[in-house]
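Undergrad: Supplied in structure tokens, the structure appears directly below.
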Amino acid sequence: MSLFQQPASCRSCGATLRHTFVNLGMSPLANSYVKAEHLNKIEPFFPLHVYVCAECFLVQLESIAKPEDIFSDYAYFSSYSDSWLDHARAYTDCVTERFGLNNKSWVVEIASNDGYLLQFFVAKGIPVLGIEPAANVAQAAVQKGIFTVVRFFGEDTARDLLSHGKQADLIIGNNVLAHVPDINGFVRGLKLLLHKTGVITLEFPHLMRLMQENQFDTIYHEHLSYLSLLAIRKLFHRHGLKVFDVDELTTHGGSLRIYAGHEDDSLKVIGERVEEVLSREEKAGLTNLEYYLAFGEQVKETKRKFLEFLTAAKSEKKSVVGYGAPAKGNTLLNYCGISTDLIDYTVDRSPYKQGHFLPGTHIPIYSPERIRQTMPDYLLILPWNLKDEIMDQMKYIKQWNGCFVVPIPEVRMY
Ligand SMILES: [Zn+2]
């Protein structure tokens with residue numbers, strides 16, 4: 001925030017935001033991969049300054065870019081990750097059985113991407129609707145036979161869907177709430193669209209894990225809110241919804257999946273796991289403002305250590321290349337000021353990213369075959385949440401004594 005700007009207010013409870021959680025400086029939009037012909041053009045950079053609300057403990061970025069600029073031609077196609085597909089399949093089996101879903105139910109997924117998840121419900125004969133704002137991604141879902149509307153979700157979208165006379169038995173939102181500027185409007189939409197005995201499940205990276213494991217690179221402009229169970233409970237309660245169960249997941253470095261229903265739905269009894277996670281959040285420090293305020297220094301120390309590793313490798317004439325071109329890699333590399341001076345290139349399995357350059361740092365993105373050709377000494381795994389899968393796929397780098405490096409929570413070699 002500049003001296004000339006009014007402090008912003010919390011997007012959940014409206015309190016004035018006065019406390020910095022971490023300031024990662026100026027950064028381009030993390031998913032704005034650059035085409036070769038645009039390398040000499042001006043690239044917009046925006047502040048990546050995260051605040052914590054002292055009232056409801058929602059950790060948040062001010063929204064700068066319009067969602068339309070970020071999500072209307074989105075490069076992320078979920079189906080490209082094997083482990084994510086396994087996760088989606090297991091989830092489908094679990095909720096279908098637990099909530100007795102069948103061919104008379106209606107499942108709605110918000111930010112349904114290319115249909116990676118809804119395809120498993122369709123295979124069971126359960127009617128579905130996908131809501132996906134990126135037209136190119138929604139098109140991929142439609143080609144798989146998954147009915148998808150191209151829209152952002154909020155109160156208006158919920159009202160339009162209600163005009164068809166149906167409410168949802170299950171509303172799914174995976175990794176979407178954190179991207180929503182108007183979270184109160186989003187939750188009002190959930191409340192409207194949910195059948196009186198329906199269930200909402202939302203997955204989001206858990207702020208407690210972000211802090212404990214120093215996952216500051218998961219902060220980027222598209223990701224506006226960083227959620228704990230305690231913050232989301234307050235938000236839902238304000239809208240007449242209750243969180244009755246929670247699962248802890250390993251995805252995205254440690255996520256929560258919350259189960260919510262209408263506050264007056266007596267069939268939804270609050271399970272003991274809710275109290276258990278809340279008490280662990282409290283023990284970790286998430287109800288104490290001082291704990292949030294200490295995070296920034298830990299991040300600066302990580303940057304210094306990461307740069308020490310890279311400069312030492314270069315001094316020893318070792319080559320370092322990246323694996324993956326995830327949004328989190330872009331935060332890390334831009335915050336640390338790393339370009340092709342320290343990392344030769346990166347690779348990605350997605351053909352939509354190959355041939356492009358990383359935003360800000362302009363590190364080129366190739367297909368993974370290039371690793372075999374250039375035999376680098378170090379392979380820096382940028383999507384560290386997929387490290388086991390990637391180390392297994394790429395184990396052949398051991399043939400030339402290549403070494404895996406993971407940057408978070410701090411530089412480690414494998
Ligand atoms: Zn707040």
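The values are calculated or read from the model by the stated rules, or taken from the named source; none is laboratory data. Predicted, not measured: the structure shown is a model, and the values here were computed from it. All Cβ positions, glycine included, derive from the backbone under ideal geometry; neighbour counts span all protein chains shown. Each accessible area value is taken on the protein alone, full model and side chains, heavy atoms only, with ligands, DNA and RNA left out. Shrake-Rupley method; radii C 1.70, N 1.55, O 1.52, S 1.80 Å.
Undergrad: Straight-line reach from residue 104: which aspartates and glutamates fall under 14 Å, measuring Cα to Cα and dropping same-chain residues less than 8 apart?
TA: Reachable aspartates and glutamates: 169.
Undergrad: Let me ask something additional. Cross-link list 234/300; 303/398; 234/268; 41/303: which exceed 24 angstrom alpha carbon to alpha carbon? Don't skip to the answer; put the middle values down first.
TA: Details: 234/300 31 Å; 303/398 27 Å; 234/268 18 Å; 41/303 28 Å.
With Cα atoms farther than 24 Å apart: 234/300; 303/398; 41/303.
Undergrad: Translational D (Stokes-Einstein, µm²/s) of the range 270-414 at 25 °C and 0.890 mPa s when Rh comes from the Kirkwood sum over C-alpha pairs? Numbers along the way, then the final one.
TA: Details: Rh = 16.8 Å.
Diffusion coefficient, whole number: 146 µm²/s.
Undergrad: Going by alpha carbons, how many degrees (0 to 90, nearest 10) lie between the helix axis of 272-284 and the longest principal axis of the chain?
TA: Approximately 40 degrees, to the nearest ten.
Undergrad: Which order do 251, 201 take when ranked by solvent-accessible area (1.4 Å probe, heavy atoms of all protein chains), largest first? Spell out each step's value before the answer.
TA: Values: 251 20, 201 0 Å².
Listed by decreasing accessible area, they come as 251, 201.
Undergrad: Could I ask something else about it? Using only Cα atoms, tell me the angle between helix 229-238 and the longest principal axis of the chain; keep it within 0 to 90° and round to the nearest 10.
TA: Between helix and principal axis, roughly 40 degrees.
Undergrad: If you don't mind, another one. When only the heavy atoms of the protein chains count and the probe is 1.4 Å, how do 346, 340, 250 rank by accessible area, highest first?
TA: 250, 340, 346
Undergrad: Can I ask one more? Compute the Rg to Rh ratio over the range 363-406 from the alpha carbon atoms, using the Kirkwood formula for Rh, and round to two decimal places. Numbers along the way, then the final one.
TA: Numbers: Rg = 10.0 Å, Rh = 10.8 Å.
Looking at the range 363-406, the ratio lands at 0.93.
Undergrad: Here is a further query. What number, rounded to the nearest 500 deg cm²/dmol, is the helix-based mean residue ellipticity at 222 nm of the chain, given -39500 (n - 2.57) per DSSP H run of at least four residues and division by all its residues? Intermediate results must be reported in sequence, preceding the final value.
TA: Details: 14 runs with 134 residues, N = 414.
Per the formula, -9500 deg cm²/dmol.
Undergrad: Once you have the Kirkwood Rh of the chain from its Cα pairs, apply Stokes-Einstein at 25 °C and 0.890 mPa s and quote D in µm²/s.
TA: For these conditions, the coefficient is 110 µm²/s.
Undergrad: I've got another one for you. Quick one: dipole size for the range 265-414, taken about the Cα centre, charges +1 on Lys/Arg Cβ and -1 on Asp/Glu Cβ, in debye to the nearest 20. Display every interim value, and only then the final one.
TA: Values: 20 positive and 20 negative charges, 131 e Å.
It works out to roughly 640 debye.
Undergrad: Heavy atoms of the protein only, probe of 1.4 Å, neighbouring chains included. What is the accessible area of residue 163 in Å², nearest 10?
TA: We get 90 Å² for residue 163.
Undergrad: Taking amide hydrogens as modeled 1.01 Å from N in the peptide plane, which residues meet the under 5 Å criterion relative to residue 194, leaving out close sequence neighbours?
TA: Answer set, sorted by chain and number: 168.
Undergrad: May I pose another question? Tell me the angle of helix 82-98 to the major Cα principal axis of the chain, expressed in degrees between 0 and 90 and rounded to the nearest ten.
TA: 20
Undergrad: Mind jotting down the three principal axis lengths of the range 137-296 based on Cα atoms? Whole angstrom, largest first.
TA: On the principal axes, the range 137-296 reaches 49, 38, 25 Å in Cα extent.
Undergrad: Sticking with this one: Taking the Cα centre of the chain as the origin and placing charges on Cβ (Lys, Arg +1; Asp, Glu -1), which of 380, 152, 88 is farthest toward the positive end of the dipole?
TA: Most positive-ward Cα: 380.
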